[in-house]
1. Going through A200, A223, A233 one at a time, which residue ends up being part of a strand (DSSP E or B) and modelled with pLDDT of 95 or more?
2. Which condition number does F593 fail, the rest of (1) touching a His at 6+ places or on another chain (Cβ under 8 Å); (2) more than 30 Å from A123 (Cβ to Cβ); (3) part of a loop (DSSP other than H, G, I, E, B) being met?
3. Residues of region 92-119 being under 22 Å from W296 (Cβ atoms), charged (D, E, K, R) and part of a loop (DSSP other than H, G, I, E, B), which ones?
4. Given (1) surrounded by fewer than 22 Cβ atoms within 10 Å (Cβ to Cβ); (2) part of a loop (DSSP other than H, G, I, E, B), where does A122 come up short, assuming only one miss?
5. Does F566 meet the test of being aromatic (F, W, Y), under 19 Å from S194 (Cβ atoms) and within 14 Å of the ligand (Cβ to nearest atom)?
6. Kindly check whether there is at least one residue in region 218-227 that is over 29 Å from L450 (Cα atoms) and of a type in the set (A, V, I, L, M).
7. For region 645-685, give me the residue count where each residue is of a type in the set (F, W, Y) and more than 18 Å from Q313 (Cα to Cα).
8. Can you name the condition, by its number, that G572 falls short on among (1) within 14 Å of the ligand (Cβ to nearest atom); (2) touching a residue at least 60 places away in the same chain (Cβ under 8 Å)?
Amino acid sequence: MITFEEQSGIFHLRNDKMSYVMQVVRGKYLLHRYWGAPLRKFRDSRAFQALDRAFSPQPGDYENERTFSLDVLPQEYPAWGHLDYRTPAYEVRLADGTTATELRYAGYEIRPGKPRLAGLPAAYAEDDEAETLVITLKDYAGHLTAELYYTIFADLAIVARSARLCNTGKDALTLTGAASFALDFPDHDFDRLSLYGGHAAERSLERIRLMRGIQETGSRRGASSHQQSPFLALARPETTEQAGEAFGFSLVWSGEFSFRTEVEQFGTTRVVGGIQPDGFAWLLEPGESFQTPEAWLAYSAEGLDGMSGNFHQLVRQHLLRGPHRAALRPILVNNWEATYFDFDDEKMDALAQSAADLGIELLVLDDGWFGRRQDDNSSLGDWQVNTEKLKGGLKGVAESAHKRGLKFGLWFEPEMISFDSELYRAHPDWVLRAPEYPLSYSRHQLVLDLSRQDVRDYLVEAVSRILRENEIDYVKWDFNRHITDAFSAELPPERQGEVRTRFVLGLYDVLERITGAFPQVLFESCSGGGGRFDAGMLYYMPQTWTSDDTDAIQRLAIQSGTSYVFPPITMGAHVSVVPNHQVGRVTSLQTRFLCALMGAFGYELDITRFSAEEREQVKQHIALYKQLRPTIQLGNFHRLLTPFAGTKNETAWEFVSADGRQVVLTYFKTLAEPASPVRILKLAGLEAEADYEITEYLPAQCTSVDGAGKPQMQVKGQVYGGDELMHSGLTVEKIDTDFAAYLWVFNKI
Ligand code: GLA
């Protein structure tokens, strides 16, 4: 898949779906030449313009030649402060204060498979599934080298990139920026797509015209964050969900990050992504190196949905690990919105009883089971069961679940510490804080200093002890505040700029040790909902709680947004009570079910309080979900309509089983409207030659008086060709209720 032509200096990474081309020019500069649809051979049809651009604003370079300027050439890993004024990939400060350095091409190596990145999560591949190119660049004056890693996978339009920077000089140097990748496009005819939000409102899609100048999508919060996600895409203005070119970027990193786009004077575009450089300063002693997190670059000629399909496959086949990687996820009930902190053995036992009756498979005990925790003021860090609340201890609750055939799960928030805790009283120096300043609280809590080995060892043991001593099948690992005052009592002054990065590396160390020691436990990560929904966390924990907003209508956006990078199996999605606790909205049980059905499905309400009628409906939903679960969790996903484009009033999700035999289609219309246009849904990913029979159809539950008697246009037993469903489409009946939700299931005949 990877070739190098000595004479032209061309590296070509190629498979059936994509080509990525670089060139070593004049023996020293590693330039980017092409990324897009696969090319048989790159012969340089769009040769560089040899313009005289060395007039005052552009430095000429090559031996004082006016027609060769690094400031206009596409570079794979550009430096700061030297011959290129655009956004740099790396920034460095040498011992004498020099910041202008120059990395020059020094050699390459092609390896089968994909090397692991020490201490970091990353996609993995067998030797016959991928190939990796390592290009070495050496600093002109010998102070550092950069190894640039490029992995191409056999069956995906994705390149995984990262860089390793090594101090090869005699003195210490400081990295003040180390991106995972830089990439130049020859034009700027793009829309810029990013995912923004807030707590309980994660990952809405913003699509704007790519602007001249510099734009950033990023986080400075010590976490990948609710506010902006570590994702960026450039798509042609005409690109839709199903058609057109898109270039997507995602990071395998759970800390603060930055994606910068820069459209420069000649209209070319640079994208740089990786660890947030603001506030970053990493000291490298001679011989030491720094490995950047991995970035994924996904190409699609089949629209945004095609880009997501690539990301989904990469996540499912090359990121998730352990026995739960491709295992069906248990249907759970979580007591958080059912009881909040107000629970005891009896309430948990009643939940377990109802759960078993309904067909639920996992009972999760959320926040409040430890220390003296009655609200969010105290006890984080004191991971001992509160036997006043749970008289039978954790063993008792676990036993009440297990004896009914349910699995049992438990909430933790290990990275945190309450001021009011035994742990803080014993180890006040274990928190991140600026020494002379007051403590900074968020949700009344402080953050443990995971850059410290002793803190990490304590954490691993505190969590492991609970997992060893109790029969726990599932863990929800929460992180409910962002990082401030990132000062570590243990590090010297010149290393304080490393703390935010070391915190995340420390977390990865803890997660590797705990998840490695308890492979049978299913871990779900969480951060005030979906504040750390990223590929880094998914490497250790194969699912994430998508949002603290459980309202079905808000979730249409949140889950659609999340699906730009992550597949349904990774998204925790629960049915909750109405009026909804976050927004007060009332939606039907069916709408809530069909929305939550998209992911790792469960309930988050007091299931003992269902009416007899609701109980029957829930039983049917659960039985149906079990039938559809392999298709939803292990199949391929397509976004047909999202709340971000078109009418913005409709959402349609399609799931096609891995063997192509079953198709699940859901459609939601948020508000009913008079004279509403006919809605035709054109399906994706079917076999044109095959016929499909509708085996299940749930029309919207109408709230209007005469809604019940409406004609049903699509009934069970109806057969349609795959070509017809994809090209002519399926008409949705006229809807006269708000928050309507439909389900069709097709089976290939
Ligand atoms: C976070 C989580 C919730 C719940 C609470 C408990 O907000 O996202 O699901 O676990 O913490 O405090």
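The values are calculated or read from the model by the stated rules, or taken from the named source; none is laboratory data. Here the structure is a predicted model, which is why all the values come from computation and not from measurement. Using ideal geometry, Cβ is built from the backbone for each residue, glycine included, and neighbour counts are taken over all protein chains shown.
1. Result: A233 is the single residue among A200, A223, A233 that is part of a strand (DSSP E or B) and modelled with pLDDT of 95 or more.
2. (3)
3. In the first step, residues of region 92-119 are kept if they are under 22 Å from W296 (Cβ atoms); the result is 108-119.
Of the ones still in play, those that are also charged (D, E, K, R) are 109, 111, 114, 116.
Matches in region 92-119: K114, R116.
4. (1)
5. Taking the combined requirement at face value, the residue does not satisfy it.
6. Looking only at region 218-227, we keep the residues that are over 29 Å from L450 (Cα atoms), and these are none.
Scanning region 218-227 turns up no residue that is over 29 Å from L450 (Cα atoms) and of a type in the set (A, V, I, L, M).
7. Result for region 645-685: 2.
8. Here G572 clears every test but (2).
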